[in-house]
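These notes are about the structure you will find just below.
The values are calculated or read from the model by the stated rules, or taken from the named source; none is laboratory data. None of these values were measured; they are calculated from a predicted model. Backbone-built Cβ (ideal geometry, glycine too); neighbour counts: all protein chains shown. For accessibility, only protein heavy atoms count, side chains too; no ligands or nucleic acids. Shrake-Rupley method; radii C 1.70, N 1.55, O 1.52, S 1.80 Å.
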Amino acid sequence: MKNIFLACILLLSGSFELKAQDVCESGYLAFRQGVSFELTNYDKKGKVTSLQHQKVNSVEAVADGFKAGVSIVVSNEKGKSVSEGNYNVECRNGVLYMDMSSMLDPRTMEGFKDMEVEMSGTALEFPAKLIPGQTLPDGSINIKAMTGGITLMNMSMNITNRKVEAAEVVTTPAGTFECVKMSQESELKSIIKKKFKTVSWYSIGVGMVKSENLDEKGNVESSTVLTKFEK
């Protein structure tokens, strides 16, 4: 009887884990090991400025969900690799929590590689279901770069006014996707301070399909498009 009870507990535990993974995979990121995708960055004239090759290298169980480790290789417009980086995404109780360092250019982070770096902040949250009219929590990251205990640079990014605007279909070189359109305001503080608005389109099981950074007049300053996606 004891063995049967234990077997039932293990079966129920395994069933819960599979369901939790299913919830994560049906969120707004390709939460499955081995998935790779390419994002191409453009300037305001539509000229390619760089490419990001990302891959989900690992998915492991954590408390109340799963954690994915994602690698990034950034190439210039000619396809030559210029930097590499990594970030984590967690899925807990059906909500995705994206590491804010993923919002920064890996080349920026590489500039700190020979320094002592302290990072703090809050992750960006993506509920399993996004509905037009919904507002989402803010996100932030603070980076302090030091050498020998002496602070050389402080940098911060705050993302606010995150809203789900609409449901739209978006076509890119990677395919046609059913998306939710989201908007947010960002403020980057370092040597100078810069504010901008971003409009992005996310698809379930894929992640970001398209994104545009807008100036104060609503003109596109730069954009990012999903150009390859492989499961």
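If you check 85, 79 for being open to solvent by less than 30 Å² (accessible area, probe 1.4 Å) and either farther than 14 Å from residue 34 by Cα or part of a strand (DSSP E or B) (or both), only one passes: 85. What residue, of 38, 90, 25, is open to solvent by 30 Å² or more (accessible area, probe 1.4 Å), touching a residue at least 60 places away in the same chain (Cβ under 8 Å) and not basic (Lys, Arg)? Checking each option against the conditions leaves just 25.
Quick check on the stretch 30-41. Is at least one of its residues small (Gly, Ala, Ser), closer than 30 Å to residue 220 by Cα and modelled with pLDDT of 95 or more? Checking the stretch 30-41: at least one residue is small (Gly, Ala, Ser), closer than 30 Å to residue 220 by Cα and modelled with pLDDT of 95 or more.
Yes/no matrix, rows are residues, columns are (1) among the polar types (S, T, N, Q); (2) at pLDDT 95 or above; (3) open to solvent by less than 80 Å² (accessible area, probe 1.4 Å):
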| residue | (1), (2), (3) |
| --- | --- |
| 129 | no, no, no |
| 141 | no, no, yes |
| 146 | no, no, yes |
| 159 | no, no, yes |
| 188 | no, no, yes |
| 213 | yes, no, yes |
| 218 | no, no, yes |
| 221 | no, no, yes |
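Residue check: is residue 113 open to solvent by 60 Å² or more (accessible area, probe 1.4 Å), at pLDDT below 90 and either of a type outside the set (A, V, I, L, M) or not in a strand (DSSP E or B) (or both)? First the steps, then the outcome.
On the way: open to solvent by 60 Å² or more (accessible area, probe 1.4 Å): yes; at pLDDT below 90: yes; either of a type outside the set (A, V, I, L, M) or not in a strand (DSSP E or B) (or both): yes.
Yes.
To keep it simple, each residue is scored yes or no on (1) exposed (fewer than 12 other Cβ atoms within 10 Å of the Cβ); (2) within 19 Å of the chain's Cα centre (by Cα); (3) more than 25 Å from residue 44 (Cα to Cα).
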{"residue": "135", "(1), (2), (3)": "yes, yes, yes"}
{"residue": "152", "(1), (2), (3)": "no, no, yes"}
{"residue": "181", "(1), (2), (3)": "no, yes, no"}
{"residue": "199", "(1), (2), (3)": "no, yes, no"}
{"residue": "227", "(1), (2), (3)": "no, yes, no"}
